[in-house]
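Report on the structure given below.
The values are calculated or read from the model by the stated rules, or taken from the named source; none is laboratory data. Note that the structure is a prediction, hence the values are computed from the model and not measured. Please note: Cβ atoms are built from the backbone with ideal geometry, for glycine as well, and neighbour counts cover all protein chains shown. Please note that ligands, DNA and RNA were not included when accessible areas were found on the heavy atoms of the full protein model with its side chains. Shrake-Rupley method; radii C 1.70, N 1.55, O 1.52, S 1.80 Å.
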Amino acid sequence: MKMRFMVTGATGQLGSDLVDALAGRVPPGGTRCSLLGPAGPRSVIDVETLALSHAQLGVEDRPSVLNAVEGFRPDVIVHAGAYTAVDACEADPDTAFKVNALGTRNIVEASQRYGAHLVYVSTDYVFDGTSTRPYREWDRPNPRSVYGASKLGGEMECPPGATVVRTSWVCGAGGNNMVKVALRLAAGEERLKFVDDQRGSPTFTADLAAAIVTLGAERLRGLFHVTNSGDTTWYGFVRAVLKCRGHDPERVEPISTESLTPPRPAPRPANSVLDNMALRLAGLPEMPPWEEGLDRLITTLSGEGARL
Ligand SMILES: NC(=O)c1ccc[n+]([C@@H]2O[C@H](COP(=O)([O-])OP(=O)(O)OC[C@H]3O[C@@H](n4cnc5c(N)ncnc54)[C@H](OP(=O)(O)O)[C@@H]3O)[C@@H](O)[C@H]2O)c1
């Protein structure tokens, strides 16, 4: 029997890799999801996917959400759609909460009404960044930005049976992200300045999508931090991107967040490294190091003639 997955935000950078992972398309060297099928341990199940872009389904539209779920009757809903413009959220909290919190409420209602397992994708920005160690799933969130607060609102909507996946510094072939920004800037001549006082774990959508599909198919309930392993600062990350593409990393200069002019509207956590403790304690496989994910993404982008 086929397992039916519905994906929201399906044309976003994570959404498009979720759709690829569900179709069995994996980038060279990428992680394949180990789906546990009803036929027995480690059997690979058949999947049917309904991939809904924002244009096809705005999650704040309750009747449309209920209709979509009633029509497709998914076994699993991966709710990756979100209002992700972190700085814009500061000026427009109503939209942030309407999409990220109320929209999730609608998805939860539909998943409960039609018996689907829910996977909600959340963020490292639920933390304030003051911890001196990586954050565990059982640490208390304290978002400093409207975006972080609205995504935490989405988490608060999720029932105990849902899977909540917190991730960080997401990069994929299908979206705009720091890898693409760095490669665009590297093509110029000027010195590049990036902050060296914000630390996190770059996470690559090909790896993240595989982990999310596995968690969803296995209906593993509760909160999971899911990031590529290892951590760095934005400065360290941009240096690695340049090096990976054969540019001189010495062109990158470390600066402090305080010296950014103009300052970014939304505060970012200084430390948002997520300890993937729940995965580890449950005996689930660790995510690959972020450097490996970066290498694979750069290879993919190079193969596409650098779609930057
Ligand atoms: N990017 C990061 O660094 C990061 C870090 C931690 C967690 N996350 C979380 O990871 C998930 C995926 O993010 P991403 O990086 O893939 O972001 P993304 O590329 O911006 O994708 C988000 C998708 O959601 C769609 N969307 C926006 N408003 C919507 C609405 N009202 N209803 C339905 N869909 C809507 C967007 O469509 P349009 O673009 O057409 O509006 C887009 O396709 C999100 O839940 C995000 O909060 C991201």
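Tabulated results
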quantity: Scan of the stretch 238-248 for residues that are in contact with a strand residue (DSSP E or B) (Cβ under 8 Å, 6 or more places away or on another chain), under 23 Å from ASP17 (Cβ atoms) and surrounded by fewer than 24 Cβ atoms within 10 Å (Cβ to Cβ), ordered by number; calculated: ALA240
quantity: Residue match in the stretch 202-220 (condition: under 13 Å from the mean Cα position of the chain (by Cα) and among the acidic types (Asp, Glu)); calculated: yes
quantity: Subset of the stretch 258-269 (residues that are surrounded by fewer than 17 Cβ atoms within 10 Å (Cβ to Cβ) and aliphatic (A, V, I, L, M)); calculated: LEU260
quantity: Selection from the stretch 46-91 of residues that are loosely packed, with under 14 Cβ neighbours inside 10 Å, over 22 Å from LEU22 (Cβ atoms) and touching a residue at least 40 places away in the same chain (Cβ under 8 Å); calculated: ASP61, ASP87, ALA91
quantity: The stretch 126-147: number of residues that are closer than 22 Å to ARG105 by Cα and free of Cβ contacts under 8 Å to residues at least 40 places away in the same chain; calculated: 4
quantity: Test: residue in the stretch 240-247 that is out of contact with any helix residue (DSSP H, G or I) (no Cβ under 9 Å at 6 or more places or on another chain), assigned to a helix (DSSP H, G or I) and more than 20 Å from ASN176 (Cα to Cα); calculated: no
quantity: Residue among VAL119, VAL179, VAL126 that is more than 9 Å from the ligand (Cβ to nearest atom) and touching an Asp or Glu at 6+ places or on another chain (Cβ under 8 Å); calculated: VAL126
quantity: Given (1) surrounded by fewer than 22 Cβ atoms within 10 Å (Cβ to Cβ); (2) within 12 Å of the ligand (Cβ to nearest atom), number of the condition THR203 does not satisfy; calculated: (1)
quantity: Per-region count, the stretch 221-237, residues open to solvent by less than 30 Å² (accessible area, probe 1.4 Å) and under 19 Å from the mean Cα position of the chain (by Cα); calculated: 9
quantity: Of all residues in the stretch 65-106 being in a loop (DSSP other than H, G, I, E, B) and more than 8 Å from the ligand (Cβ to nearest atom), the one that is farthest from LEU220 (Cα to Cα); calculated: ASP92
quantity: Identity of the residue in the stretch 155-176, open to solvent by less than 10 Å² (accessible area, probe 1.4 Å) and more than 8 Å from the ligand (Cβ to nearest atom), that ends up farthest from GLY15 (Cα to Cα); calculated: ALA162
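So that you can scan it fast, the table gives a plain yes or no per residue for (1) surrounded by fewer than 18 Cβ atoms within 10 Å (Cβ to Cβ); (2) within 30 Å of CYS89 (Cα to Cα):
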{"residue": "GLY188", "(1), (2)": "yes, no"}
{"residue": "ALA211", "(1), (2)": "no, yes"}
{"residue": "ARG219", "(1), (2)": "yes, no"}
{"residue": "GLU250", "(1), (2)": "yes, no"}
{"residue": "SER256", "(1), (2)": "yes, yes"}
{"residue": "ASN276", "(1), (2)": "no, yes"}
{"residue": "LEU279", "(1), (2)": "no, no"}
